[in-house]
1. Would you please name the residue that is farthest from the other protein chains (Cβ to nearest Cβ), looking only at residues in the stretch A:1-41 that are within 14 Å of DNA strand D (Cβ to nearest atom) and among the acidic types (Asp, Glu)?
2. Would you check if B:ARG138 is assigned to a helix (DSSP H, G or I), charged (D, E, K, R), open to solvent by less than 80 Å² (accessible area, probe 1.4 Å) and at pLDDT 70 or above?
3. Every residue in the stretch A:42-55 that is more than 9 Å from DNA strand D (Cβ to nearest atom) and either acidic (Asp, Glu) or touching a residue at least 12 places away in the same chain (Cβ under 8 Å) (or both), please.
4. Which of the numbered conditions does B:LYS85 fail, given that it passes all the others? Conditions: (1) basic (Lys, Arg); (2) at pLDDT below 85; (3) surrounded by 12 or more Cβ atoms within 10 Å (Cβ to Cβ).
5. What is the number of the single condition among (1) at pLDDT below 80; (2) open to solvent by less than 40 Å² (accessible area, probe 1.4 Å); (3) not β-branched (Val, Ile, Thr) that B:ARG42 does not meet?
6. Against the condition at pLDDT 80 or above, open to solvent by 10 Å² or more (accessible area, probe 1.4 Å) and among the charged types (D, E, K, R), how does A:GLU133 come out, does it pass?
7. For the stretch A:1-57, which fully contained helices (runs of 4 or more DSSP H) count at least 3 residues that are within 8 Å of DNA strand C (Cβ to nearest atom)?
8. Could you grab me the full set of residues in the stretch A:16-34 that are among the charged types (D, E, K, R) and surrounded by 12 or more Cβ atoms within 10 Å (Cβ to Cβ)?
There are 2 protein chains.
Amino acid sequence: MRKTKVERQRLLKEKIEQTPFITDEHLAKTFQVSIQTIRLDRMELAIPELRERIKYVATNQWNETVKALSLDEVIGEIIDLELDKRAISILDITSDLVFSRNKIARGHHLFAQANSLAVAVINDELALTAKSEVKFRRQVIEGERVIAKAAVEGKDEKSRTIVAVHSYVDNEKVFSGVFYMYQSNENKGEKNK
Amino acid sequence: MRKTKVERQRLLKEKIEQTPFITDEHLAKTFQVSIQTIRLDRMELAIPELRERIKYVATNQWNETVKALSLDEVIGEIIDLELDKRAISILDITSDLVFSRNKIARGHHLFAQANSLAVAVINDELALTAKSEVKFRRQVIEGERVIAKAAVEGKDEKSRTIVAVHSYVDNEKVFSGVFYMYQSNENKGEKNK
DNA sequence: ACTCGTTTATGACTTGGTACTAATAGTAAT
DNA sequence: ATTACTATTAGTACCAAGTCATAAACGAGT
C-alpha cells in the first residue's frame with residue numbers, strides 16, 4: 001500500500017528541496033498520487049508553486065552573499081609604488097567579483113583593493129587599518145578596470161598615518177576612502193596581545 | 001516621433017539585461033508601443049520570455065549556491081537572520097586571512113564579513129553599499145572567532161537603509177561599522193492595478 | 001450504517017506567454 | 001496615384017502550471 005500522508009509529505013518536502021524545479025505533475029507521478037493530492041500537500045506544507053520557487057532561487061540574495069569570495073587575490077595588482085608617498089593598483093572586475101544578477105561589483109572588493117593599497121604604501125613591516133571612511137560613488141560593472149590611487153597625507157593626532165585612496169574607472173571616480181593606519185615603527189602604543 | 005525600431009531594440013536589449021524580471025506588458029508601457037511590438041522585437045533579438053529568463057538566472061545561481069556550500073567559511077557563516085531586522089555571522093580567522101608575519105587578520109576580511117552581513121540582512125532583491133564608516137577597534141589574531149552582529153537602524157535622508165554592524169571576539173568589540181545601503185525596492189509590493 | 005480523514009475529480013479563472021493571421025499606417029519608388 | 005514594403009497593432013486560439021472552490025468517492029473505525 002501507499003505510504004501514509006505524513007510520510008509522503010515528508011518525502012515531498014525533501015524532494016522539492018533537493019530538486020526545486022519539479023512540476024506537480026511530475027511529483028504526482030513519482031509519488032503515485034493525483035496532482036490534486038500533491039497540491040493539497042503543498043498547501044499544507046506551505047510550499048509555493050513551481051514558478052515561485054524558481055523565482056525565489058533566482059532572486060535570492062542569501063546564496064549570493066554566502067558565495068565564495070576569494071579575497072586574497074582580488075586586491076589588485078600594484079603598478080606603481082613610492083613608499084610613504086603614493087601607490088597605484090589595478091583591479092579588473094571579473095565575474096567572480098560581481099553579483100551575478102546585475103553584474104555590479106560587491107562593495108567589499110573595492111574596499112579590499114583600497115585597503116590593501118593603503119597597507120602597501122606604508123613603509124613599515126606592519127601597517128594595520130585603525131579606521132576608515134569610504135564612499136561608493138557609483139556602481140562598478142563586470143568588465144570594468146578599477147584604478148586605485150593612494151596618497152599618504154600625513155599623521156593624525158594619534159600619530160596614525162592617514163592614507164587617501166581614490167578609485168577610478170575611465171577617469172570617473174567610483175570609490176573614495178580615507179584610511180587611518182597603525183604603524184609599529186615610530187608609533188608605539190603597542191596594542192593588546 | 002518615436003525612436004526607430006533599431007534604437008528601440010537596442011534599448012530594449014539593454015533594459016532586459018539590466019532588469020531581466022520584466023514582463024512584456026511592462027516593457028510595452030515603458031517604450032510606448034504595443035505588446036506585440038515588444039514580442040516581435042524579442043523574437044528578432046532572440047530574447048527568451050520572462051519565465052525562461054528567470055529560470056536561467058535561477059539555474060545559474062543555483063549552481064553558484066552548490067559551489068558556495070563547500071566554501072562556506074570564507075566570509076563567515078550566517079547563523080541567525082531576521083530580514084530587515086538583524087543578523088549574526090561567524091568568521092573563524094584561519095591562516096589564510098592573516099598577515100603571515102604577525103598573524104593579525106587583514107582589515108578587509110573583517111570589512112567583508114560585516115559588509116556582506118549588511119547586504120544579507122536587507123530584505124530586497126538588490127542591496128548595495130553606498131557608504132560606510134568603519135572602525136577596527138583591536139587586532140584580531142589567527143585562531144580567533146569573530147561574531148558580527150548586524151542591526152537595521154532605519155533610513156537616512158536619501159532613503160538608504162542604515163545597517164550597524166558590531167563584531168566581537170569573546171565579547172570584546174573588535175570592529176564596528178555603519179553601512180548605508182542602496183535598495184532597488186521596486187516590485188513585490190504592488191498587486192492592484 | 002454513519003462519520004471522518006483522505007484522496008480524486010471537475011470546472012472556472014489567472015499569468016505570461018507562443019503561434020498565427022489579418023488589418024492598418026507610413027514611407028518610398030515607380 | 002498606384003504599388004511595394006516596412007513597421008506596427010489587433011485579435012484569436014492555444015499552452016503550462018498553476019489557484020480556488022466545490023463536489024464526489026474511498027477506506028476504515030466505532
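1. For the stretch A:1-41, the residue satisfying everything is A:ASP41.
2. Numbers: assigned to a helix (DSSP H, G or I): no; charged (D, E, K, R): yes; open to solvent by less than 80 Å² (accessible area, probe 1.4 Å): yes; at pLDDT 70 or above: yes.
No; evaluated as a whole, the condition is false for this residue.
3. So the first thing to find is which residues in the stretch A:42-55 are more than 9 Å from DNA strand D (Cβ to nearest atom), and the list is A:44-46, A:54-55.
Answer for the stretch A:42-55, where residues must be more than 9 Å from DNA strand D (Cβ to nearest atom) and either acidic (Asp, Glu) or touching a residue at least 12 places away in the same chain (Cβ under 8 Å) (or both): A:GLU44, A:LEU45, A:ILE54.
4. B:LYS85 satisfies every listed condition except (3).
5. Result: B:ARG42 fails condition (1) only.
6. Numbers: at pLDDT 80 or above: yes; open to solvent by 10 Å² or more (accessible area, probe 1.4 Å): yes; among the charged types (D, E, K, R): yes.
Taking the combined requirement at face value, the residue satisfies it.
7. Values: elements: A:5-18, A:24-31, A:35-45.
By residue number, A:5-18, A:35-45.
8. Initial filter on the stretch A:16-34 (among the charged types (D, E, K, R)): A:17, A:24-25, A:29.
Those that are among the charged types (D, E, K, R) and surrounded by 12 or more Cβ atoms within 10 Å (Cβ to Cβ): A:ASP24, A:LYS29.
The values are calculated or read from the model by the stated rules, or taken from the named source; none is laboratory data. This is a predicted model, so every value here is computed, not measured. We place every Cβ from the backbone using ideal geometry, glycine too, and count neighbours over all the protein chains shown. When the accessible area is computed, the model is the full protein with side chains, heavy atoms only, and any ligands, DNA or RNA have been set aside. Shrake-Rupley method; radii C 1.70, N 1.55, O 1.52, S 1.80 Å.
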